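To keep things clear, I will list the structure first and then write my remarks on it.
The values are calculated or read from the model by the stated rules, or taken from the named source; none is laboratory data. Predicted model only: the values in this text are computed from it and were never measured. As a convention, Cβ positions derive from the backbone with ideal geometry for all residues, glycine included, and neighbour counts pool all protein chains shown. Calculation scope for accessible area: heavy atoms of the full protein, side chains included, ligands and nucleic acids excluded. Shrake-Rupley method; radii C 1.70, N 1.55, O 1.52, S 1.80 Å.
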Amino acid sequence: MPAVDRAELVSALCAAVGRDHVLDDPELAATYFTDWTGRFHGRGAAVVCPGTVEEVASVVAVCRRYGVGLVPQGGNTGLVGGSVPRDGDVVVHLGRFDIIEPVDRMGRQVTVGAGVHLADLQRAAARQGLRYAVDFGARDTATVGGSIATNAGGINFVRFGGTRQQLMGVEAVLGTGQVVRRLGGLGKDNTGFDLTGLLCGSEGTLGIVTRARLRLVPLHVQRVTALIGVAGVSDAVQLTVALRDQLESLEAAEVMLADGVGLVCTAFDLAAPLPTAWPAYLLVEAAADTDPSDALAAILHTARGVGDIAVAAPGDGAARRDALWRYREGHTLALRTAGPTIKLDVTVPLPALAEFMATLPAAVAAHTPGVRTWLFGHVGDGNLHVNLTGHRSDDAAEVHDLEHLVLSTVVAAGGCISAEHGIGTMKAPWLGLDRSADEIAAMRAIKHALDPDNVMNPGVIFSGTSTQEAR
C-alpha cells in the first residue's frame, strides 16, 4: 500500500459514502479479498459500497488524492484475478446498484444497475415476455457490471453475440472522476466515439460502470435441448456448423469430452447421460415461436458421427432440460474434486478446434508429467475452457510455465488468450503473445487519457504497472 495514513484514508472514504458502507475490519473484509476460485488473494485497505454515481465519483476523488488503487467488484466470479485487490487497493463493491428499472416493452430495452444479478434481470425481462440474451452458469452470482467489465459471452453467443452486442449505453465514472452518461438506448447513434463500447471489456481499468441500458430479445417459449453422443470433436464441430447454417433457432452448442462427463457423474452421483459411452458429447439448444424439434431431428438424421441422443422437448418441462444441462454446467464444480485447478478461458478457430483439443493434453503431460488437461466449452464460437489439475499449485514457476505453454499453443493455432473473463492480472504477462507492441501502446495511451493517475484497477491487463508508478 502507498505510504498514506490508513486511518485518514478510511475516514475520507467514510465521508464519501457513509460509515455504514465502509468495511475496514480485515477479518470481515476477507471474503472480498479472495476470488471464488481461491487462487487469487489480495490485501485491501477497505471495502466501500457506494449507492449513487456521485458517491462513486467521490470515492474516485479520494483514491486519486491518496494515490490508492480502486478495484471494482460485483459477483467476484472471474477467473483471472481482476476483481481482487493488490497492495492495499480499495475494493469498490457495487452491490447497492441493484435497481432494475421498468422494462421498455416497445423498445425491448431496460436500464439496470451494475450490481444486478443476471438471473434477476432475466426474471424481470421474462415477466414482459422478453429475455436478456447473455447467460451462463454463474447467473445467480454474476452481475451486469462484471459481465460488462469482461464483455462476457456465455452460452447463447452463437445466436445473439456477447455483452457488447446487447449494450445500448452506460453510466460510468472515469478515472478522471468525470461522469459519462448515455442511457437513451437509441439504436442508431453515430455521434462521436463509442465510449460505451470502449468501456465494455476494459475490466475496470478506465472507469466504473454504475448503470447500463441493455437490449432484450423475444422470449421464445418453444425450446428443445438435445445431448448427443458423437464419435469425436471433429464430428461435434461439423454438426455444430450444420446446425448453425440450417437452424436459425440454434442458441447454444456445447462440447464435452468423455472424461469430463464422467467426472461430473462421479461428483454428483449422476447416471451416465446416454446408454452408450461416447468419446465426445454435444449439447445443443434451439428456441423459437414454434416447436423446433422436427427441424433439429432432420439435421441430426443426416449428420455423420451422431450416436445416442437424449432430448428435452418443449412439452417435457424445465426439469428435463436442467437435467441435460447439468452434465455441462456441472464441470466447473466437479473439477474442484480433482484438486487445485489452473483455469484458462481461450478461443480457438473452429477449423483448428479438433486438433487443438486432441493434442494439447499430450503436450501438457509431456511438459509436466502428472498434469491432466480437462477441456469443454462453447463449440459454436470456439471458446474453450482449459483446466489443468495435478500441478504443484504452490510452485509459481511451474504454474507460470504451464500457462505459457497453453496460451502460446492457443496463439499458434490462430486463437486468442482470453474469450470471456478478460486478462486480469493472471494473463497480463501474456498480453504480448496476442497483441502487438503498437496495439498495447495504443491501449496504454487510452488508459492514461481516461485514468491519468492509474487508480482504476492497476495491474490489470497491463503487466508491470502500479498506482505508485503512475504518480
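Could you tell me which numbered condition residue 282 fails, if it satisfies all but one of (1) part of a helix (DSSP H, G or I); (2) under 24 Å from residue 356 (Cβ atoms)?
Condition (1) is where residue 282 drops out.
In the set 362, 354, 323, which member is free of Cβ contacts under 8 Å to residues at least 24 places away in the same chain, within 24 Å of residue 286 (Cβ to Cβ) and of a type in the set (A, V, I, L, M, F, W, C)? Explain how you work it out, then say what you get.
Details: 362 fails: within 24 Å of residue 286 (Cβ to Cβ); 354 fails: free of Cβ contacts under 8 Å to residues at least 24 places away in the same chain.
Only one candidate qualifies: 323.
When you look at residue 455, is it touching a residue at least 12 places away in the same chain (Cβ under 8 Å) and over 27 Å from residue 136 (Cβ atoms), yes or no?
Working: touching a residue at least 12 places away in the same chain (Cβ under 8 Å): yes; over 27 Å from residue 136 (Cβ atoms): yes.
For residue 455, the condition - touching a residue at least 12 places away in the same chain (Cβ under 8 Å) and over 27 Å from residue 136 (Cβ atoms) - is met.
Cβ-Cβ below 7 Å, separation at least six or inter-chain, first residue in the range 91-106 and surrounded by 16 or more Cβ atoms within 10 Å (Cβ to Cβ), second among the aromatic types (Phe, Trp, Tyr): which pairs?
Close Cβ pairs (under 7 Å, with a partner that is among the aromatic types (Phe, Trp, Tyr)) amount to 91/32; 93/32.
If we only count strands (runs of 3 or more DSSP E) wholly inside the range 1-104, which ones have 3 or more residues that are modelled with pLDDT of 90 or more and closer than 19 Å to residue 451 by Cα? Let's see the steps before the verdict.
On the way: elements: 46-48, 70-73, 90-93.
Ranges flagged: 70-73, 90-93.
Would a scan of the range 36-48 turn up a residue that is in contact with a Ser or Thr (Cβ under 7 Å, 6 or more places away or on another chain), open to solvent by 40 Å² or more (accessible area, probe 1.4 Å) and farther than 30 Å from residue 128 by Cα?
Yes: one or more hits.
Which one is least open to solvent (accessible area, probe 1.4 Å) among residues in the range 246-280 that are farther than 20 Å from residue 383 by Cα and among the charged types (D, E, K, R)?
269
Being loosely packed, with under 15 Cβ neighbours inside 10 Å and either within 19 Å of residue 425 (Cβ to Cβ) or not basic (Lys, Arg) (or both) is the filter here, so list the residues in the range 12-33 that pass it.
Let us first name the residues in the range 12-33 that are loosely packed, with under 15 Cβ neighbours inside 10 Å, namely 15, 18-20, 25-28, 30-31.
Scanning the range 12-33 gives 15, 18, 20, 25, 26, 27, 28, 30, 31.
One line per residue, one yes/no per condition, for (1) surrounded by fewer than 19 Cβ atoms within 10 Å (Cβ to Cβ); (2) in a strand (DSSP E or B):
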| residue | (1), (2) |
| --- | --- |
| 165 | yes, no |
| 171 | no, yes |
| 183 | yes, no |
| 190 | yes, no |
| 193 | yes, no |
| 204 | no, no |
| 209 | no, yes |
